[in-house]
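Peer 1: This is the structure, below, for whatever I ask next.
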Amino acid sequence: MKYINWFISCFILLTLFSCSGEDPQVADDGTEKKTLALDTNVVFESERFEFILPQPFALITSFEEVGLTYHPDKTNPIENVNEYTTRGDQLINFGVYSADLIYCVINEQHQQSILYFNAIKTLAEKFGMGAVFTENELAIEIEKNIANRSELEGLLVDVHERSQEYLEDNQMKYLAAIQFSGAWVEGMYLASTDFVSSKTDIGPKLIDQMSLLKNTIIGLQLYEERDVEIETILNELKAFETVYANLDSVKSASVNENPTLTKQEIKIIADKIAAIRNLIIS
Amino acid sequence: MKFILLLLSLTVQLFLFAQTTIKEVTENARQIKAEMRASLTDEKYDGSKITYYEVKDFPIFKEFEITLFLRGNYTLYFSGELAKTNVGMRIYDKAYDEKNRILLYETKDISSKKLTVSTLDLNETLKKLTGRSDNLKSVFVEYSIPKGSPDLGGIVLIFGY
């Protein structure tokens, strides 16, 4: 009888757990949930990082119309790939190399594109996401279409999607935010340091991109295992947010109005982002 | 002893059943997403968001943000095929915890339906309601899930440009 009672208790407990607990794939993927009870008894149940991370391709190509000139010395050197030994460094530089890959692709640097693609693959293998590239021969398809921008764009979207699904399936969705922060900083670096030779005013594009900084910071904050390097990058991004908010043109712009950045302000942004980018890649 | 084994087997089966259901929802959602992506003919695919939910004995809502400025204009394709309850969908210009947010689009029930929303139309609505001339940099999509008996569901969104 004692055993029967014990099993009945276990049964009830397990039943309750399987019915009311958050499913690991559905909700409990490592992110902390933000729950807010409202007066209407409706409960807000989104996760703290419910932001659709833009594709690296969209991030980089958004700068194309202002004239993103190719400088081979501006990308993160390929040989650095073996220097990234911590998981945080590997994840954030995966994002950096993703941005560099797109930069090479849109500038038709096919040989460099292959090298940067291989750098991404190497890092993915290091942090356990190598399967994304081996399934369905995705890597072979990418190498085959490295000179075909249109095809390649679709294939790189596949890489992004599969990476997201892989991280979701393994309760690591929040790690995607680390990759994104690397891609965002690299895109800002490639564009902002090019502002002198830019054909048109790069200011409006930088302002648009700055709206992504808030989510970049939130994403990094959610990575609880961040080491000293990632912590430093996070603090620098927060400081950058403050610097930007205190620019005269930003302060004087009304709520629904975009500020008009001066050349000097663009230089401040470019210098700050270059310093953060150097922290990431070094 | 037979009774104990029966209980144990029942417990294991129930546990496995719950896991399978969740797996099914995920697989079905990804299948729907792939079909939606394949159906894009005149537009390029730029991303997706599958929102999973659990029906509870109280109403819940879920919200997420989409960045719009990177591509100029997006078309948002929603599928409520995996939503069995009366799930509402709203699109706002700001997050739920910000003041004076503006409702740009609303449907009372997206369950079992497919919906298309253009960000051109959302920008027009914003202009009409506020007189603002700038375009939306991002939008916030909110799903409201009514209370009901325990169930799982999902809504698939893909966006093209």
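Every number in this text was worked out from the coordinates using simple rules, so none of it is lab data. From a predicted model like this one, the values you see are computed outputs, not experimental measurements. Every residue, glycine among them, receives a Cβ derived from its backbone with ideal geometry; neighbour counts consider all protein chains shown.
Peer 1: Which entries of A:LYS144/B:LYS44; B:LYS23/B:LYS114; A:LYS74/A:LYS272 have Cα-Cα distances beyond 19 Å here? Mind showing how you got there, number by number?
Peer 2: Working: A:LYS144/B:LYS44 21 Å; B:LYS23/B:LYS114 23 Å; A:LYS74/A:LYS272 16 Å.
As for pairs spanning more than 19 Å Cα to Cα, those are A:LYS144/B:LYS44; B:LYS23/B:LYS114.
Peer 1: Given an 8 Å cut-off on Cα distances and at least 6 residues of separation, report the relative contact order of the stretch A:52-155 as a percent.
Peer 2: Details: 77 pairs, mean separation 26.8, N = 104.
Value for the stretch A:52-155: 26 percent.
Peer 1: Also, I was wondering about something else. Please list, ordered by chain and number, the residues whose modelled amide H lies under 5 Å from the amide H of B:SER138; skip anything fewer than 5 residues away on the same chain.
Peer 2: B:LEU68
Peer 1: Can you pull the mean other chain C-beta count within 10 Å for peptide B:46-53? Walk me through the intermediate numbers first.
Peer 2: Numbers: counts 8, 9, 4, 5, 4, 3, 5, 3.
Rounded to a whole number, the mean comes out at 5.
Peer 1: Could you state the angle between the C-alpha long axis of helix B:119-130 and the longest principal axis of the C-alpha atoms of chain B, as a value from 0 to 90 degrees rounded to the nearest 10?
Peer 2: Around 60 degrees separate the two axes.
Peer 1: Per-residue mean of other chain beta-carbon atoms within 10 angstrom of the beta-carbon, peptide B:96-103? Walk me through the intermediate numbers first.
Peer 2: Working: counts 5, 3, 0, 0, 1, 0, 0, 0.
What the average comes to for B:96-103 is 1.
Peer 1: Right, next: Which value results when the Cα radius of gyration for the stretch A:101-218 is divided by 2.2 N^0.38 Å? Can you show the working numbers first?
Peer 2: Values: Rg = 15.6 Å, N = 118, 2.2 N^0.38 = 13.5 Å.
Normalised Cα radius of gyration, the stretch A:101-218: 1.16.
Peer 1: I would also like to ask the following. Under the definition of Cα pairs under 8 Å and six or more residues apart, what whole-number percent is the relative contact order of the stretch A:133-282?
Peer 2: Details: 101 pairs, mean separation 37.3, N = 150.
For the stretch A:133-282, the relative contact order is 25 percent.
Peer 1: Could you state the angle between the C-alpha long axis of helix B:2-38 and the longest principal axis of the C-alpha atoms of chain B, as a value from 0 to 90 degrees rounded to the nearest 10?
Peer 2: 20 degrees
Peer 1: Quantify how strongly other chains surround peptide B:55-62 by giving the mean number of their Cβ atoms within 10 Å of each of its Cβ atoms.
Peer 2: On the way: counts 0, 3, 1, 5, 6, 6, 8, 6.
What the average comes to for B:55-62 is 4.
Peer 1: Relative contact order (percent) for the stretch B:6-161, with alpha-carbon contacts under 8 angstrom and 6 or more residues of separation?
Peer 2: Numbers: 285 pairs, mean separation 63.7, N = 156.
It comes to 41 percent, rounded to a whole number.
Peer 1: Same structure, new question: Most exposed first by the Cβ proxy, i.e. fewest other Cβ within 10 Å, how do B:MET36, A:MET188, B:MET89 rank?
Peer 2: On the way: B:MET36 20, A:MET188 28, B:MET89 24.
Taking fewest neighbouring Cβ atoms as first place, the list is B:MET36, B:MET89, A:MET188.
Peer 1: Sort A:138-151, A:248-261, A:53-66 by the packing proxy (mean of other Cβ within 10 Å over each peptide's residues), most packed first. Walk me through the numbers on the way to the answer.
Peer 2: Working: A:138-151: 15.1, A:248-261: 13.1, A:53-66: 21.9.
By packing density, highest mean first, the sequence is A:53-66, A:138-151, A:248-261.
Peer 1: Quick one: Cα convex hull volume of the stretch A:64-138, Å³ per residue?
Peer 2: Values: hull volume 7.3 nm³, N = 75.
Per residue, the Cα convex hull of the stretch A:64-138 comes to 97 Å³.
Peer 1: Report, ordered by chain and residue number, the aspartates and glutamates lying within cross-link reach of B:LYS137, taken as a straight Cα distance under 15 Å and ignoring same-chain residues fewer than 8 apart.
Peer 2: Cross-link targets: A:ASP208, A:GLU257, B:GLU65, B:ASP93, B:ASP121, B:GLU124.
Peer 1: May I pose another question? List the extent of the Cα atoms of chain B along each of their three principal axes, largest first, rounded to whole Å.
Peer 2: Principal extents (largest minus smallest coordinate, Cα): 75, 37, 22 Å.
Peer 1: Just need log10 I(q)/I(0) for the stretch A:116-157 at q = 0.18, 0.33, 0.35 Å⁻¹, Debye formula, equal scatterers on the alpha-carbon atoms, no solvent, rounded to two decimals.
Peer 2: These q points yield log10 I(q)/I(0) values of -0.48, -1.17, -1.21.
Peer 1: Could you tally up the Lys pairs in the stretch A:176-265 with alpha carbons closer than 21 Å? Skip any pair fewer than 8 positions apart unless they're on separate chains.
Peer 2: 9
Peer 1: Can you list residues from other chains, or at least 5 along the same chain, whose modelled amide H is less than 5 Å from the amide H of B:SER118?
Peer 2: B:LEU76
Peer 1: Would you mind computing, in nm to one decimal, how far apart the modelled labels at A:ASN148 and A:GLN221 are, each placed 7 Å from Cα along Cα→Cβ?
Peer 2: If labels sit at A:ASN148 and A:GLN221, their model points lie 4.5 nm apart.
Peer 1: Please label the shape of the stretch A:169-257 as rounded, prolate or oblate, based on the square roots a ≥ b ≥ c of the eigenvalues of the alpha-carbon gyration tensor (a/c under 1.5 means rounded; beyond that, a/b larger than b/c means prolate, else oblate).
Peer 2: Numbers: a/c = 2.13, a/b = 1.70, b/c = 1.25.
Since a/c reaches 1.5 and a/b is larger than b/c, the shape of the stretch A:169-257 is classed as prolate.
Peer 1: Taking a ≥ b ≥ c as the square roots of the Cα gyration tensor eigenvalues, with a/c under 1.5 meaning rounded and otherwise prolate when a/b beats b/c, else oblate, which class fits the stretch B:20-77? Each step should come with its number before you reach the end.
Peer 2: Working: a/c = 3.46, a/b = 1.46, b/c = 2.37.
It is oblate, given that a/c is not under 1.5 and a/b is not larger than b/c.
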